Amino acid sequence: MNNTKKNGCLRIIYYLCKNNYRITIMTEKEKMLKGMTYQATDKQLILELNQTKDLIWKYNNIQPTKLDERKAMIKEILGECDDDVFVNQPFYCDYGKHIRVGKRFFANFNFTVLDEALVTIGDDCFVGPNVSIYTACHSTDPVERNTRKEWAEPVNIGDNVWIGGSVTILPGVNIGNNVTIGAGSVVVHDIPDNSVAAGNPARVIKRI
């Protein structure tokens, strides 16, 4: 940085401090959770990802009949759940703590959640086998994508939702209450309350 630019920056900082402006520097994790562009290779994020992988490995290797041990471990992984939670092994996620599920939540084999943003699921929801929920977003510009900068958009699912096997739910989607998503669907848009949706992309095919 040349002296002119350096002096200009110093004058700005001096002005902000003199007038009691608060200068806040966000961490990459804070940017991620706010839906801002963040650096995915940040050391703290990589550390947290790997710590979660260790917990996931432990969970997936618990003897299936040891239900109390499984329940204790999944409650340690998830951000919020109740005592009636049941997640079949294997289960996969990125951070875990960004996943909130309601009462009597059930997920079948190979449930995968990329929870860079919050994933919120309501009460009495059933998730079929091989379901994936994604919040992570990447640029379609390959040059920008290769910088490893990305952003994330939250997914919200209401109460009394049944998500059929092999469904994929993309970033930013909101699914209402009392919804059924047909097996093999790819959900790219919001789905309203009291409906059955199916297809790629998923669309409402029936009102309840």
Could you tell me whether A107 is over 21 Å from A197 (Cβ atoms) and of a type in the set (G, A, S)?
no
What pairs come up if the first residue lies in the range 153-165 and is modelled with pLDDT of 95 or more, the second is assigned to a loop (DSSP other than H, G, I, E, B) and of a type in the set (S, T, Y), and their beta carbons are under 6 Å apart, counting only those six or more places apart or on different chains?
E153/T135; V155/T135
If you take the residues of the range 135-153 that are touching a helix residue (DSSP H, G or I) at 6+ places or on another chain (Cβ under 9 Å) and assigned to a loop (DSSP other than H, G, I, E, B), which of them is most open to solvent (accessible area, probe 1.4 Å)?
H138
Being open to solvent by less than 40 Å² (accessible area, probe 1.4 Å) and under 15 Å from the mean Cα position of the chain (by Cα), is that true of even one residue in the range 65-77?
yes
Is it the case that L55 is open to solvent by less than 50 Å² (accessible area, probe 1.4 Å) and either touching a residue at least 24 places away in the same chain (Cβ under 8 Å) or in contact with a Phe, Trp or Tyr (Cβ under 9 Å, 6 or more places away or on another chain) (or both)?
yes
The residue that is surrounded by the most Cβ atoms within 10 Å (Cβ to Cβ), considering only those in the range 94-134 that are farther than 23 Å from P64 by Cα and over 12 Å from the mean Cα position of the chain (by Cα), is G122
Out of the range 24-45, which residues are open to solvent by 70 Å² or more (accessible area, probe 1.4 Å) and part of a helix (DSSP H, G or I)?
E30, L33, K43, Q44
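The values are calculated or read from the model by the stated rules, or taken from the named source; none is laboratory data. If you're wondering where the values come from, they're calculated on a predicted model, not measured in any experiment. Don't worry about glycine lacking a Cβ; one is built from the backbone with ideal geometry, like all the others, and counts go over all protein chains shown. The area values use the complete protein model at the heavy-atom level, side chains included, leaving out ligands, DNA and RNA. Shrake-Rupley method; radii C 1.70, N 1.55, O 1.52, S 1.80 Å.
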